[in-house]
Amino acid sequence: MATEQTYIMIKPDGVQRGLVGEIIARFEKRGYKLVAMKLMQASKEHLEKHYEDLSSKGFFNGLIKYMASGPVVAMVWEGKDAVKQGRAMLGATNPLASAPGTIRGDYCIDTGRNIIHGSDAVDSAKKEIALWFPEGLCQYTAATASWIYE
Ligand code: UDP
Ligand code: MG
């Protein structure tokens, strides 16, 4: 399994509902390494670029309005198999189809208010990281690395 970076974003509802700490804690406790994070009010143009693959969908305009309705927490988490594991930690797109124990399965109900985004593949993670963090990521050695990886 390769070391990967994944783009994780707490959506405006997650911020407003006070779930930022809970969500960050899950990635920290799992052992993933935080390499970038910022609170950001994204413009509609920026969000349209982020979700450009979905621009033909009926829910697109509502999605952009929801995502622009308040600040988001943009993050990059790094570690072994981070993209797939991140998606598993999020749960399904529809929170009602998400298992208890996942972030969406534990904290939300409607698809259009599903509190968190996670990259769905290594390629899309790279694109999303470049879009949200043009300034680059933090490079440091995690003190816990040898306690997490054998
Ligand atoms: N979405 C929606 N209605 C739908 C499908 C998706 O409002 O029928 C929203 C939802 O917030 C979702 C986002 O659009 O998280 C992006 O959709 P995608 O299919 O990429 O789901 P995700 O990758 O976030 O699980
Ligand atoms: Mg997606």
Restricting to region 1-28, give me the number of residues that are open to solvent by less than 20 Å² (accessible area, probe 1.4 Å) and assigned to a strand (DSSP E or B). 5
Restricting attention to region 119-150, and to residues there that are among the charged types (D, E, K, R) and in contact with a Ser or Thr (Cβ under 9 Å, 6 or more places away or on another chain), which single residue is nearest to ligand 2 (Cβ to nearest atom)? 128
Expected single match for open to solvent by 40 Å² or more (accessible area, probe 1.4 Å), within 16 Å of ligand 2 (Cβ to nearest atom), modelled with pLDDT of 95 or more and farther than 25 Å from residue 3 by Cα among 65, 44, 49 is 49
Within region 83-118, considering residues that are within 13 Å of ligand 2 (Cβ to nearest atom) and farther than 18 Å from residue 20 by Cα, the one surrounded by the most Cβ atoms within 10 Å (Cβ to Cβ): 83
Could we say that residue 72 is more than 12 Å from the chain's Cα centre (by Cα), closer than 20 Å to residue 133 by Cβ and crowded, with 16+ Cβ neighbours inside 10 Å here? no
In region 103-139, how many residues are within 23 Å of residue 29 (Cβ to Cβ), among the polar types (S, T, N, Q) and within 11 Å of ligand 1 (Cβ to nearest atom)? 2
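The values are calculated or read from the model by the stated rules, or taken from the named source; none is laboratory data. Keep in mind that what you see is a predicted model, and the values were worked out from it rather than measured. Reconstructed Cβ throughout: ideal geometry from the backbone, glycine too, with neighbour counts over all protein chains shown. The area values use the complete protein model at the heavy-atom level, side chains included, leaving out ligands, DNA and RNA. Shrake-Rupley method; radii C 1.70, N 1.55, O 1.52, S 1.80 Å.
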